[in-house]
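Remarks on the structure that follows.
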Amino acid sequence: MQYASYAGIGCLGLVLSWLSKDHPTAMPIWAPWDFSTPEYLATALVLLWFMQGLSSGAAMPIWRRVAFLTGLGLIYAVLQTHFEYCSQHMFFLNRIQHVVMHHLGPFLIALGGAGETIRRGMPAPLRQAITAKPVVAAMRILQQPFLAALIFSGSFAFWLIPSVHFRAMLDPRLYAVMNWTMVLDGILFWSLVLDPRPKPPARVSHGTRIALSVGVMFPQIVMGAIVSLSPRDLYPYYNLCGRIFPSMGAINDQHIGGLIIWIPPAMMSVVGMLVVLNGLRLHEDSIREVDKNAASLAALSSRWTGR
């Protein structure tokens with residue numbers, strides 16, 4: 001059954017690749033504009049392993065399943081549909097793409113907490129590979145609180161540097177690196193912040209998670225303010241390639257893009273803080289419940305023993 005699933009994913013990928021290359025005008029809007037084998041396989045295999053993990057009996061609330069699938073679907077939608085073409089021809093649409101790849105999609109994936117379910121559905125050799133000591137050590141380094149926040153904010157800022165952005169939009173290889181770093185870094189950061197478990201086994205405490213969520217908000221605000229308030233065109237690439245909305249000038253496009261950098265990520269940080277606070281509340285309630293049960297048991301025991 002597993003071999004049939006992998007064969008089906010491979011055949012579908014070959015068909016989509018052929019259609020995207022030779023018959024792009026026949027492709028519907030939800031189909032790939034520029035088919036990417038790594039992005040397709042990453043999405044399809046993760047989805048397959050997730051479904052196999054669920055079928056093996058992994059317990060997962062419905063709302064977490066919906067959050068995970070929505071996050072995965074949103075990232076795929078901005079990378080492997082006709083939206084990608086639009087995002088290459090309008091700066092504000094490109095900013096929407098990056099906010100989805102770096103913030104909203106990874107946030108929902110982390111909120112879903114599907115890591116264990118996906119691991120259960122993976123082939124055994126791959127499952128052993130991702131739990132090997134070097135991989136675990138690398139994850140611990142990348143998810144050190146200060147480094148995680150620095151990489152999260154720094155990677156988003158790096159690709160906004162006008163000269164870097166211009167080069168990335170023209171170089172397909174660099175463009176792919178930009179997209180992969182956005183998604184992977186977002187998942188690493190939000191998985192650290194939105195871990196529902198207390199410390200331990202979670203890597204950091206609830207207080208540190210709140211600080212991380214709030215801390216990354218301010219660099220986003222600064223980046224958004226710089227772009228949206230700039231009086232000159234910082235991103236001439238979109239004039240060079242041609243805008244799909246020619247009635248929108250470069251400055252208006254840039255100002256709207258700056259607001260997208262500014263407001264939605266800041267809101268995501270606030271939502272992240274609220275999710276962590278709710279997790280802290282639930283953890284404290286569970287501790288009080290345990291203490292209450294222990295006190296009741298001690299009272300019952302004293303009646304029998306007279307002590």
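The values are calculated or read from the model by the stated rules, or taken from the named source; none is laboratory data. All values reported here derive from a predicted model rather than from experimental measurement. For neighbour counting, all protein chains shown are included, and Cβ atoms are generated from backbone atoms with ideal geometry for every residue, glycine included. For the accessible areas, the whole protein counts, side chains as well, though only heavy atoms, and no ligand, DNA or RNA atoms are used. Shrake-Rupley method; radii C 1.70, N 1.55, O 1.52, S 1.80 Å.
Helix 145-158 axis versus longest C-alpha principal axis of the chain: approximately 10°, rounded to the nearest ten.
Considering only I251, I141, I187, the mean-square fluctuation computed in a Gaussian network model of the chain, springs between alpha carbons under 10 angstrom, is largest for I141. Put a plus charge on the Cβ of each Lys and Arg, a minus charge on the Cβ of each Asp and Glu, and nothing anywhere else: the dipole of the chain about its Cα centre is then about 1040 debye. Evaluating kT/(6 pi eta Rh) at 10 °C and 1.306 mPa s, with the Kirkwood radius of region 40-97 over Cα pairs in the Stokes-Einstein relation, gives 123 µm² s⁻¹. The angle between the Cα long axis of helix 206-215 and the longest principal axis of the Cα atoms of the chain comes to about 20 degrees, rounded to the nearest 10.
For the chain, what % of the accessible area comes from carbon and sulfur atoms, probe 1.4 Å? Reported share for carbon and sulfur atoms: 71 percent. Model label sites at W180 and L14, defined 7 Å from Cα along the beta-carbon direction, differ in position by 2.4 nm. Remark: accessible surface ordering of Y85, Y235 (largest first) is Y85, Y235, probe radius 1.4 Å.
Eigen-decomposition of the gyration tensor built on the alpha-carbon atoms of region 239-288 gives equivalent ellipsoid semi-axes of 44, 8, 6 angstrom, largest listed first. By the Cα gyration tensor, region 2-89 has an equivalent ellipsoid whose semi-axes, rounded to whole angstrom, run 27, 17, 8 from largest to smallest. If you wrap the chain in the convex hull of its Cα atoms and look at it from every side, the mean projected area works out to 20.5 nm².
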